Amino acid sequence: MTQVVASRVTRHTVGAIADGAFKVLLAVAYTAGAGPLGRLLGTPAWLMAVSGVALLISGGIEIGYTRSRSMRTYTRLMVAYDSGWVLTALVGALTAWQGGSAGGEVWIGYQTAAPIAFAALLIAANPAQTASD
């Protein structure tokens, strides 16, 4: 007799899926509006488009791995990613406030590199233990 193990959907799982979905939506916005958003942020359109692709890949991986990775791993990665996002946004805003022109590039650069690192760490993480293990 085979036993079916149903995965429980918790608020943490919903949060991980929502985080991945937000990255996908941001990717669409960055890619579709690469020119206007790039001008607004002072970044080249190609960097906006590359950032959009990185966010799309990361968001898709994040959504796809919700059943096979522990929520503890997700939570740690999301806290690290979002903390870096806030710090980079503050550095970018401070740079712009002081008259520098690299604030947008710093912020978008983070949003290009960090999602790829997030996805790589998520893929490399140990699979979650199931009830049948």
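Please tell me if GLN98 is crowded, with 19+ Cβ neighbours inside 10 Å and modelled with pLDDT under 95.
no
In the list THR73, THR31, THR66, which residue meets the criterion of being surrounded by 16 or more Cβ atoms within 10 Å (Cβ to Cβ), among the β-branched types (Val, Ile, Thr) and over 19 Å from ALA124 (Cβ atoms)?
The conditions single out THR31.
Give me the helices (runs of 4 or more DSSP H) completely within segment 45-133, filtered to those with at least 2 residues that are touching a Pro at 6+ places or on another chain (Cβ under 7 Å) and aliphatic (A, V, I, L, M), ordered by residue number.
In segment 45-133, 45-64 are the helices (runs of 4 or more DSSP H) which contain 2 or more residues that are touching a Pro at 6+ places or on another chain (Cβ under 7 Å) and aliphatic (A, V, I, L, M).
Cβ contacts < 6 Å: first residue over 25 Å from LEU122 (Cβ atoms), restricted to segment 77-104; second residue of a type in the set (S, T, N, Q), any location; separation 6+ or different chain. Result?
Cβ pairs passing all conditions: ALA102/THR95; GLY103/THR95; GLY104/THR43.
Of the numbered conditions (1) out of contact with any helix residue (DSSP H, G or I) (no Cβ under 8 Å at 6 or more places or on another chain); (2) part of a helix (DSSP H, G or I), VAL9 satisfies every one except a single condition; which is it?
(2)
Quick check on GLY42: is it in contact (Cβ under 8 Å) with a residue 24 or more places away in the chain, under 19 Å from GLY103 (Cα atoms) and either among the small types (Gly, Ala, Ser) or surrounded by fewer than 21 Cβ atoms within 10 Å (Cβ to Cβ) (or both)?
The answer is yes for GLY42.
The values are calculated or read from the model by the stated rules, or taken from the named source; none is laboratory data. Keep in mind the model is a prediction, meaning the values are calculated, not measured. Positions of Cβ are backbone-derived with ideal geometry, glycine not excepted, and every protein chain shown enters the neighbour counts.
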